[in-house]
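The values are calculated or read from the model by the stated rules, or taken from the named source; none is laboratory data. Worth saying up front: this structure is predicted, and the values here are computed from it rather than measured. No Cβ is skipped: glycine too gets one built from the backbone with ideal geometry, and neighbour counts run over all protein chains shown. All accessible areas refer to the heavy atoms of the entire protein, side chains included, with ligands and DNA or RNA removed. Shrake-Rupley method; radii C 1.70, N 1.55, O 1.52, S 1.80 Å.
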Amino acid sequence: MKLLSHLSRNGEGLPGPADERRLVLGFAAWHEALALALGEPTGDPARRWSATGRGKRLLASIFGNSPFLSEVAAKEWAFLTRLVEEGADLLFAEIIAAIELPADRSEDTTALMRRLRIAKRRVALVAAVAELAGAWSLEQQTGALSRFAEAAVGAALRDLLRQAASKGFVDLPSLEDPERDSGFIVLGMGKLGGYELNYSSDIDLILLYDPMRARISSRDGIQSFFVRLARDLGRILDTRTADGYVFRTDLRLRPDPASTPLALSVPAALAYYESVGQNWERAALIKARPVAGDRVAGQNFLRELEPFIWRKNLDFAAIQDIHSIKRQINAYRGGGRIAVEGHDIKTGRGGIREIEFFAQTQQLIWGGRLRALRTGSTCESLRRLADAGRIDPTTATELIDDYRFLRRLEHRLQMVDDAQTHALPSDRAGVARIGVFLGYRQTDAFVADLLGHLGSVETHYAELFEQAPSLSGPGNLVFTGVEDDPETLRTLSQLGFAKPAAVAGLVRSWHHGRLRATRSQRAREILTELVPEMLRIFGATPHPDTALLRFDQFLSRLPAGVQFFSLFHANPRLLELIAEIMAGAPHLSEQLAQRPALLDAVLTEGFFSPPPDRIALAADLDQVLGDAGDYEDTLDALRRWAGERRFQVGVQLLRRALDGGRAGEVLADIAETALAGLLPAVETEFARRHGRVPGGKFAVIGMGRLGSREMTLASDLDLILIYDVPPDSEVSGGLHPLPIATYYARPRRPPTANFTKSICGCVRRGHRDRSPRASRGSPATSANPPGRGSTWR
């Protein structure tokens, strides 16, 4: 018996049964299945091999450890018999060949789905039994699972393309080989791309289409066609039926998955990576390879991406960002610990992710110059890094040994119930059962080996970035990739955020470059360094979720981010002030969102000192206006000055340095000073165009809260504008004289300039009319303003 020949006479080397109850139930189901098969040709061979010592030991390993494999073995007893007699390699090749043969044109999608699910069930049995019996190495097991996934995706895609061609939606060069030259690209990412697929893994895919190669006749257009194709592809593979499922598909590694369609055009994907692609995406693309569809187009796409993934020069410029990624994955040295019960052997301390990250960061740094480092296999990349002298050979050997141990453990965890889990059982009895399934007779020996491997990984991983600057934070804060890290959500909740998933999504969106402020690589690098402290500061405010949303609105108005993020990085107290404003002062936060330059005022000397009196305000404004060139410069300077002074009052109100009564007086002083500085400028500009009215006088009267000196930050300026002229005055002087009524009051049609309109237009937009119709010696009428911005609302 070919498979059992790998075992000793009594089956020594196989894991023993960890659960006697499961063992009894498994053998009962096996004998029942054989009893129902009485008279079938394969029934007797099945009874013969399963009655031998090695056969019983193999079945005990299955039945006593894995409910999932027990069910599959009883259901597929005839196939298991062939596996034992003919060997894993032959049967696996047979399964793949059956999937890749040209499909029977009479087969519908339902029949295909059933055929793929039965094949997946049998591959799961082959991969498990061959590894348990020692017939397959870890690399053979993961390679077979990856090879089957590739074949299954291809079979599903060919079925969909043939259906679309039969309906006239697509013109295929070949119905016998529908994938060829179809223009539809399926990239395998992650462990699928690296031939390292888990036993119960999802498959990570990026789906693209080349509009220059695809010949689509669908009335909905090319994008809608390929999005439907992507959705149907996922449905064929991951829908659970009575026969199970094939693979859960994950499309979230595509560019900016929250805002892009399931299938993206090649030009759009290239534009994304070239403009806002991130270093973690470069790391992910190291393993990318075409697994189905138009493979020529897929290879062309990856060649186009080579300058993005592999920088020609030694990529030390990206090391700071890589440091940040590493420190986000484990944001503080003192936090987290290597554990046993409940420990996540993939993302936890000393886990598989740290080994993968160790290799990928070195590949990113050196792979642009050393083509030999461009491999998707983790173990192979470590070997090549050692061969190239980039890491110590002993380090490579130890990490490869750690990787194999942890991957074998990961597979045994997943074999139990065909669950995509990476966490050890949370109780000691569960840990003991997994130890038995892995071949240990003593739990303590298993735990000692486990801790040894986890500790080895942690040590090498820490040494890799021992010179990295600190990124101390309150806990794990991971915003790379597309998934919410459970530890990150827990940390955000502890920080005070009521909706941690929404906060994580918001921070990720910044890293995807959806805002102008975060589109440059340098801006994202600084932001990455800033995020832990930023979240701690915002989390300490009374309303952290609201404050962070307002901060996002502020960021959305910024034309660029490097300057501001650098400012926050250098001035943590400024960030604290921003959080305080966003959490407790909606009016100020709106002002800041509209005019981010107001932050400059915070850094000026005396911003937090008591506001000056009218005389000092006037002197300050005179100095500001003294540097103005022309009339428009004067207005811009005046608006900026008034805005900064009002912002100063608002901040001091927020911090209770001013009470409401004093703030009203200061705001009135600012308004009167602004008006006093504005009136001469308007008079001079108006006189330049329309001359002056001999003997004419003009007054601005403050009403309402301005008049009573009880202003608030939201107060308008209620003004009455009055003019008086000698009785014999008819027109103004100057090159373009105006009648008195027009000069001071509402313009005639077509509209012409008037003095009142100029005053009001400079003060604010949309000034409300508080005065009666203009006439000599009567209040002048306000008007809708021209001009840019406003001095006061």
Scanning the stretch 537-555 for residues that are closer than 20 Å to T491 by Cβ and open to solvent by 50 Å² or more (accessible area, probe 1.4 Å), the one nearest to the chain's Cα centre (by Cα) turns out to be L549
Within the stretch 387-408, restricting attention to residues that are in contact (Cβ under 8 Å) with a residue 40 or more places away in the chain and surrounded by fewer than 20 Cβ atoms within 10 Å (Cβ to Cβ), which residue is farthest from E196 (Cα to Cα)? T395
Enumeration of residues in the stretch 409-458 that are free of Cβ contacts under 8 Å to residues at least 40 places away in the same chain and acidic (D, E): D444
Can you tell which of R522, R514 is assigned to a helix (DSSP H, G or I) and open to solvent by 10 Å² or more (accessible area, probe 1.4 Å)? R522
Going by what's in this entry, would V431 be described as within 21 Å of A133 (Cβ to Cβ), of a type in the set (V, I, T) and in contact with a Phe, Trp or Tyr (Cβ under 8 Å, 6 or more places away or on another chain)? no
Does R614 fit the bill of being modelled with pLDDT of 80 or more and surrounded by fewer than 16 Cβ atoms within 10 Å (Cβ to Cβ)? yes
Of the conditions (1) among the β-branched types (V, I, T); (2) surrounded by 22 or more Cβ atoms within 10 Å (Cβ to Cβ); (3) out of contact with any Asp or Glu (no Cβ under 6 Å at 6 or more places or on another chain), V291 satisfies every one except a single condition; which number is it? (3)
Please determine, by comparing only the residues of the stretch 716-739 that are open to solvent by less than 40 Å² (accessible area, probe 1.4 Å) and modelled with pLDDT under 80, which one is farthest from Q591 (Cα to Cα). S729
Quick one: count up the residues across the stretch 556-585 that are surrounded by 19 or more Cβ atoms within 10 Å (Cβ to Cβ) and either within 17 Å of R516 (Cα to Cα) or within 20 Å of the chain's Cα centre (by Cα) (or both). 3
Meets criteria (open to solvent by 10 Å² or more (accessible area, probe 1.4 Å), touching a residue at least 60 places away in the same chain (Cβ under 8 Å) and out of contact with any helix residue (DSSP H, G or I) (no Cβ under 8 Å at 6 or more places or on another chain)) for P257: yes
Would you mind stating whether G348 is farther than 17 Å from V457 by Cβ, in a loop (DSSP other than H, G, I, E, B) and either open to solvent by less than 30 Å² (accessible area, probe 1.4 Å) or at pLDDT below 85 (or both)? no
Pick from the stretch 210-250, criterion in a loop (DSSP other than H, G, I, E, B) and touching a strand residue (DSSP E or B) at 6+ places or on another chain (Cβ under 6 Å), ranking: nearest to D159 (Cα to Cα): F247
Pairs only if they're at least six apart or on different chains, beta carbon under 7 angstrom, first in the stretch 540-564 and at pLDDT 90 or above, second of a type in the set (K, R) and open to solvent by 30 Å² or more (accessible area, probe 1.4 Å); list them, first residue then second. D545/K499
Mind checking whether some residue in the stretch 71-80 is touching a helix residue (DSSP H, G or I) at 6+ places or on another chain (Cβ under 8 Å), part of a helix (DSSP H, G or I), more than 28 Å from R22 (Cβ to Cβ) and not small (G, A, S)? no
Examine the stretch 207-227 for a residue that is modelled with pLDDT of 95 or more, under 30 Å from E525 (Cβ atoms) and surrounded by 21 or more Cβ atoms within 10 Å (Cβ to Cβ), and state whether such a residue exists. yes
Inside the stretch 107-154, the number of residues satisfying the requirement of being over 19 Å from R407 (Cβ atoms), outside any loop (DSSP other than H, G, I, E, B) and out of contact with any Lys or Arg (no Cβ under 8 Å at 6 or more places or on another chain) is 18
Across (1) at pLDDT below 95; (2) more than 25 Å from L145 (Cβ to Cβ), A242 clears everything bar (2)
Across the stretch 409-422, which residue is farthest from Y461 (Cα to Cα) among those that are within 29 Å of the chain's Cα centre (by Cα) and open to solvent by 10 Å² or more (accessible area, probe 1.4 Å)? D418
Yes or no: R688 open to solvent by 50 Å² or more (accessible area, probe 1.4 Å) and in a helix (DSSP H, G or I)? yes
Considering only residues that are assigned to a helix (DSSP H, G or I) and modelled with pLDDT under 90, which ones fall in the stretch 260-277? E274, S275, V276
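One line per residue, one yes/no per condition, for (1) in contact (Cβ under 8 Å) with a residue 12 or more places away in the chain; (2) open to solvent by 30 Å² or more (accessible area, probe 1.4 Å); (3) among the hydrophobic types (A, V, I, L, M, F, W, C):
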site	(1), (2), (3)
L638	yes, no, yes
G677	yes, no, no
P680	no, yes, no
F698	yes, yes, yes
Considering every residue within the stretch 328-341, establish whether at least one is under 23 Å from G188 (Cα atoms) and at pLDDT 55 or above. no
Subset of the stretch 478-499 that is in a loop (DSSP other than H, G, I, E, B), among the aliphatic types (A, V, I, L, M) and at pLDDT below 90 - its residue that is surrounded by the most Cβ atoms within 10 Å (Cβ to Cβ): V478
What is the number of the single condition among (1) modelled with pLDDT of 95 or more; (2) open to solvent by less than 20 Å² (accessible area, probe 1.4 Å); (3) out of contact with any Pro (no Cβ under 8 Å at 6 or more places or on another chain) that V170 does not meet? (1)
Qualifying residues in the stretch 73-95 (those that are under 19 Å from T142 (Cα atoms) and surrounded by fewer than 18 Cβ atoms within 10 Å (Cβ to Cβ)) - the one farthest from the chain's Cα centre (by Cα): L90
For the stretch 399-413, does any single residue satisfy the condition of being at pLDDT 95 or above, closer than 30 Å to L23 by Cβ, touching a strand residue (DSSP E or B) at 6+ places or on another chain (Cβ under 8 Å) and part of a helix (DSSP H, G or I)? yes
Inside the stretch 56-72, can you point out the residues that are crowded, with 20+ Cβ neighbours inside 10 Å and farther than 30 Å from L157 by Cα? R57, L58, L59, S61, I62, F63, G64, N65, S66, S70
Would it be correct to say that A284 is crowded, with 19+ Cβ neighbours inside 10 Å, under 30 Å from L160 (Cα atoms) and at pLDDT below 95? yes
